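Worksheet for the structure shown next.
The values are calculated or read from the model by the stated rules, or taken from the named source; none is laboratory data. Because the structure is a prediction, the values reported are computed rather than measured. For neighbour counting, all protein chains shown are included, and Cβ atoms are generated from backbone atoms with ideal geometry for every residue, glycine included.
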């Protein structure tokens, strides 16, 4: 690689919960990168969990097992030296406190932060 080329950071995507939202995140990230850096795509490492297991845990009220399952995916992503993490599921954000406990230096792009930012930008008073 040419030393003058700027190295992209590696985005870790935790997906599969559901594959539809995972696809939306993947496509959106690549569209944004392509607009900002013509002829480029995003450097993404992805772990896709099986929604079947997650659904069973949640239906049975097994929150701890659900969070452990999500953490398994995060541990796999961390082995690939990601620079930041995006969780492609609203429900999976229940694991955020444990993720930040396990990986305090991990940059987590949290959907609620993006929503709060958009609300402020648009000066929306009532949500």
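List pairs: first residue in region 110-122 and under 17 Å from residue 25 (Cα atoms), second residue modelled with pLDDT of 70 or more and assigned to a helix (DSSP H, G or I) anywhere in the structure, Cβ distance under 8 angstrom, at least six positions apart or on different chains.
That search, which allows pairs on different chains as well, returns 110/93; 110/96; 111/93; 112/93.
In region 90-115, what residues are more than 24 Å from residue 8 (Cβ to Cβ) and surrounded by 14 or more Cβ atoms within 10 Å (Cβ to Cβ)?
Selection gives 91, 92, 93, 94, 95, 96, 98.
Identify all residues within region 48-67 that are within 20 Å of residue 86 (Cβ to Cβ) and either touching a strand residue (DSSP E or B) at 6+ places or on another chain (Cβ under 6 Å) or exposed (fewer than 14 other Cβ atoms within 10 Å of the Cβ) (or both); write none if there are none.
Hits for region 48-67 are 48, 50.
Of all the residues that make up region 11-36, how many are over 12 Å from the mean Cα position of the chain (by Cα) and not in a helix (DSSP H, G or I)?
Total satisfying the criteria: 1.
For a quick check of your reading of the model, give me the residue pairs whose first member lies in region 31-50 and is within 19 Å of residue 92 (Cα to Cα), whose second is in a loop (DSSP other than H, G, I, E, B) and modelled with pLDDT of 90 or more, with beta-carbon atoms closer than 7 Å and at least 6 apart or on different chains.
Listed by first residue and then by second, the contacts come to 45/10; 45/80; 45/82; 48/16; 49/16; 49/17; 50/16.
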